[in-house]
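Working notes, structure below.
The values are calculated or read from the model by the stated rules, or taken from the named source; none is laboratory data. As the structure is a computational prediction, the values presented were derived from the model and not from experiment. Every residue, glycine as well, gets a Cβ built from its backbone with ideal geometry; the counts of neighbours run over all protein chains shown. Just so you know, the surface numbers come from the protein's heavy atoms only, side chains and all, with ligands and any DNA or RNA stripped out. Shrake-Rupley method; radii C 1.70, N 1.55, O 1.52, S 1.80 Å.
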Amino acid sequence: MPTNLLNEQAFKIRDVNLATEGRHHIRLAQAEMPGLMSLREEHKAAQPLKGARIAGSLSMTVQTAVLIETFVALGAEVRWASCNIFSTQDEAAAAIVVGSGTPEAPKGVPVFAWKGQTSEEYWSCLERTLDWSAEAAAEGADFTGPNMLLDDGGDLIFLVHQGVIFEQSGQLLQQQSWTNHEHEIVRNLLEASKASDPKRFQTIAPAIIGASEETTTGVQRLRELAAEDQLLFPVINVNDSATKSKFDNKYGIRHSLVDGLNRATDMLIGGKVAFVAGYGDVGKGSAEALRGQGARVIVSEIDPICALQAALDGYQVAQIEDVVETVDFFVTATGNVNVITPAHIAKMKNLAVLSNVGHFDNEIDVLGLAATPGVTKVNIRPLVDEYVMPSGRSVLVLSEGRVMNLGNATGHPSFVMSASFSNQVLAQIEAYQNAADLGIGVHTLSRILDEKVARLHLAALGVKLTELTTEQAKYVGLPKEGPYKSDLYRY
Ligand code: 9W1
């Protein structure tokens with residue numbers, strides 16, 4: 001439990017005294033988030049989110065703070081929790097709770113998030129974003145919950161759906177991505193809720209106009225709900241905007257991979273051999289970053305198209321078995337399981353570095369390594385472990401095989417998050433204003449809005465876009481103002 005949890009009624013964070021530090025970070029991040037700042041300028045007079053009550057669940061970081069205050073600047077009321085037990089920056093949470101006294105953040109926003117929560121605390125914080133009784137009392141209104149949801153990973157949207165199903169049937173939907181422990185936590189939470197108000201979620205859910213979802217994982221779960229006719233409101237899939245997934249995967253990792261390697265090991269990368277498993281967007285950004293340091297990069301792929309891309313980008317493409325003895329830095333970016341096994345590790349060079357930037361922690365079989373007879377583990381510093389093998393050689397495993405750019409570095413930079421979060425703002429406006437036209441289902445933003453997000457980031461980089469002449473627009477059959485690509489175009 002946090003030692004300095006303040007005012008559990010109104011908010012729940014680590015330490016409100018971190019607010020000054022957090023406000024400095026937010027102020028600097030704003031300069032790197034031109035998309036969000038120009039959306040504030042564009043919409044502050046019209047207040048398109050006036051009346052919106054947004055319950056959000058997304059890592060409570062400095063960048064998310066700029067997103068939250070953008071919603072407030074556009075007229076919304078907001079309550080917030082993190083989507084992950086580790087991904088809160090406590091100083092950002094504090095600054096949001098306090099507010100800045102400026103027109104943008106006149107008063108604080110209730111946040112329920114701190115770094116290092118238990119799963120029970122995490123779920124209870126999600127639940128707190130759905131309780132709008134304090135706001136209702138202050139406004140003399142009769143709502144009980146939010147009317148908009150913003151989610152990263154799908155837990156908040158699922159909690160609302162599970163709540164309704166549980167109140168009606170006493171059952172929970174089985175969730176592949178939840179452990180048994182998480183099922184138990186959610187069941188306990190919903191049992192307590194039902195005991196105090198058997199209609200609580202059946203009151204909250206119908207008031208929800210729409211939602212937006214940030215991630216591939218969340219979108220996947222929502223599509224399953226929709227396929228079973230269980231989805232209760234329109235959701236906008238932010239992940240599949242080109243200005244989201246094509247940017248945050250590639251440029252986010254390009255920024256943070258080398259940062260993580262350096263913070264963890266400070267070993268020279270130039271001149272060494274780096275191996276990148278997977279040449280999707282994350283693998284592409286990883287390979288580019290390592291090459292930028294002067295490493296000789298080898299890529300592995302199972303997909304012939306991505307393998308050909310890697311080859312034409314100038315990388316050696318090989319199977320891990322054929323090069324494992326020569327590699328200094330291993331990076332997994334496949335999203336698959338057992339890509340690097342204890343058998344591979346046994347053949348590695350002394351002090352080879354192993355890091356995973358794929359989603360889950362089973363890409364490198366660290367559990368299998370730890371369980372191998374004769375292998376011992378020496379902790380070097382937080383999230384850097386040396387595994388000494390019976391051969392006498394060692395390997396260094398970063399972040400316990402979990403997402404290394406978040407453990408050993410600090411995630412995506414503000415500019416990249418600005419592109420993702422500008423999509424979130426447009427998605428919330430779209431869902432709030434046009435829910436009836438959208439209808440229940442999982443939708444993406446129109447290409448014109450996707451292009452708008454990109455446009456909002458050009459001036460900050462000194463980009464001067466070329467405009468179609470009337471003749472050229474006619475020749476290619478495109479509107480001068482876009483959209484310029486069909487939905488099939490892949491960028
Ligand atoms: N998201 N603001 C860790 C990052 C956790 C994290 C997570 C990001 C951001 C991948 C989004 C140790 C920030 C976030 C700092 C940090 C993400 C989860 C961001 C990169 C994704 C579940 N997802 N992201 N900045 N942890 O960087 O919101 O430092």
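Accessible surface comparison of HIS25, HIS412, probe 1.4 Å, protein chains only, largest first: the order is HIS25, HIS412. Got the relative contact order for the chain handy, in percent, Cα pairs under 8 Å and 6 or more residues apart? With pairs under 8 Å counted, the relative contact order is 14 percent. Given a 1.4 Å probe and the protein chains as shown, MET37 ends up with an accessible area of around 50 Å².
Using equal-weight Cα scatterers in the Debye expression, the normalised intensity of segment 386-437 in log10 at q = 0.20, 0.26 Å⁻¹ is -0.80, -0.94. Summing charges over neighbours of ALA277, with a neighbour being any other residue whose Cβ is under 11 Å away from its Cβ, gives -2 when K and R count +1 and D and E count -1. Counting only protein heavy atoms and a 1.4 Å probe, the chain has 44 square angstrom of accessible area per residue. With both residues required to sit in the chain, DSSP beta bridges show an antiparallel share near 20%.
Express in whole angstrom the spacing between the alpha-carbon centres of segment 400-479 and segment 340-386. Between the Cα centre of segment 400-479 and that of segment 340-386, the gap is 37 Å. Dividing the convex hull volume of the alpha carbon atoms of segment 250-407 by its residue count gives 93 Å³ per residue. Compare the Cα positions of MET148, LEU449, VAL97 along the charge dipole of the chain (+1 at Cβ of Lys, Arg; -1 at Cβ of Asp, Glu; about the Cα centre) and return the one farthest towards the positive end. Projecting each Cα onto the dipole axis, the largest value belongs to LEU449. Counting only the Cα atoms, segment 128-175 fills a convex hull of 84 Å³ per residue. For segment 266-315 versus segment 97-161, the inter-centroid distance based on Cα atoms is 41 Å. Sorting TYR489, TYR251, TYR279 by accessible area puts them as TYR489, TYR251, TYR279; the probe is 1.4 Å, largest comes first, and only protein heavy atoms count.
Taking Cα centre as origin and charging only the Cβ of basic (Lys, Arg, +1) and acidic (Asp, Glu, -1) residues, the dipole magnitude of segment 354-491 rounds to 320 debye.
In this view, the solvent-accessible surface of ASP248, computed with a 1.4 Å probe and all protein chains in place, comes to about 10 Å².
Straight-line cross-link partners of LYS194 among the lysines, defined as a Cα under 30 Å from its Cα and at least 8 positions apart when in the same chain: LYS12, LYS115. For segment 250-407, with all protein chains in place and a probe radius of 1.4 Å, 55% of the accessible heavy-atom surface sits on carbon or sulfur. Pairs of Cα atoms nearer than 8 Å and 6+ residues apart set the relative contact order; for segment 250-407 it is 20 percent. The trypsin sites (Lys or Arg not before Pro) of segment 176-275 that DSSP puts in a loop, and whose beta carbon has at most 15 other beta carbons within 10 Å, are LYS199. In the distance distribution for the chain, Cα-Cα pairs more than 33 Å apart total 43 percent.
Put simply, when 470-483, 383-396, 66-79 are sorted by average Cβ atoms within 10 angstrom per residue, most first, you get 66-79, 383-396, 470-483. Each Lys and Arg adds +1 at its Cβ and each Asp and Glu adds -1 at its Cβ; summed about the Cα centre, segment 250-407 shows a dipole of about 360 debye. The charge dipole of the chain, taken about the Cα centre with unit charges on the Cβ atoms of Lys, Arg (+1) and Asp, Glu (-1), comes to about 960 debye, rounded to the nearest 20. Only protein heavy atoms count here; on that basis, with a 1.4 Å probe, THR118 has an accessible area of about 60 Å².
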